[in-house]
1. Name the residues whose placed amide hydrogens come within less than 5 Å of the amide hydrogen of THR49, ignoring near sequence neighbours (fewer than 5 apart) on the same chain.
2. For a Förster distance of 22 Å, can you work out the FRET efficiency between the beta-carbons of GLU98 and VAL34, rounded to the nearest 0.05?
3. Under a Cβ-Cβ cut-off of 11 Å, what is the net charge of the residues other than GLY161 that fall near it, where Lys and Arg count +1 and Asp and Glu count -1?
4. Send over a whole-number figure in Å² for the accessible area per residue of segment 52-107, probe 1.4 Å.
5. Check which residues have an amide H placed less than 5 Å from GLY59's amide H, if you skip close sequence neighbours.
6. What length, rounded to one decimal in nm, is gained on full extension from ARG186 through to GLU108, with 0.36 nm per residue of separation minus their alpha-carbon distance?
7. By accessible area of protein heavy atoms, probe 1.4 Å, what ranking do GLU118, GLU140, GLU40 get, highest first?
Amino acid sequence: VVDGQVLGAGRLHAGDRERDPEREVADLADDHFVPAPTGEWVGLAREGTVLSMLMTEEGAVRQVTVAAWTPAEPTAVMARLRDVAGYSRVWGSMHEVEVLPRAADDPEGAVRFRSVVENPLSRLEGEQRARFGDNVAWHEGLSGDYVDATHRWDVVADPRGGSVVMLTGGSDYNRAGWITRRLMERDPWLMTGFAGSWKIVWLRNLLRGV
């Protein structure tokens, strides 16, 4: 999907059983998200936000990736991701960001932090760990509302200038308010739409003004 226009679609098999989104998310928890290989599709990101998703035969969300282009070079995007203490300036709904001491089992360069993410429909609080590689970053949920919630950021240099930034994660069911969760139990497509729309907002906030 590019800014609401469907470029391709897969089948959804909702099945006859009663849906349990929370159980589906637990069953599909995966710390090793991998975005789609870069190729010609990356050029679409210069025209708008690109979304791709992977679903099970039952219609549960396995993985969602959103991608967008920015004129900023990869080094500038990665600098913003590495500035954990400044996350509240990037994402307005995130506040009370506190960088925590490293744990003995943390990888070199990892940053633990506690934060609150709040909007009119939900409130999340807990501890996460940010890890960084070569133009890639991971946010791993460790405690509270973030447990088992992992997101991956990939920053790819565009040969024509700037960068394509991809955010990959799961259903983000933990970020849905109770009203949205109840609706998800009735509509198998709602979880898919929520997972994509939340990531689009989060990605665009990262790239704003970078």
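1. HN-HN under 5 Å from THR49: ASP3.
2. Efficiency computed from Cβ-Cβ geometry: 0.10.
3. Numbers: positive: ARG46, ARG160; negative: GLU73, ASP158.
That sum, taken over residues with Cβ under 11 Å, equals 0.
4. 50 Å²
5. So GLY59 has HN proximity to HIS13.
6. Numbers: separation 78, 0.36 × 78 = 28.08 nm, distance 4.41 nm.
The ARG186-GLU108 span can extend by a further 23.7 nm.
7. These residues rank, largest area first, as GLU40, GLU118, GLU140.
The values are calculated or read from the model by the stated rules, or taken from the named source; none is laboratory data. These numbers come from a predicted model, not from an experiment. Cβ: placed from backbone, ideal geometry, glycine included. Neighbour counts: every protein chain shown. With ligands, DNA and RNA removed, areas are computed over all heavy atoms of the protein, side chains included. Shrake-Rupley method; radii C 1.70, N 1.55, O 1.52, S 1.80 Å.
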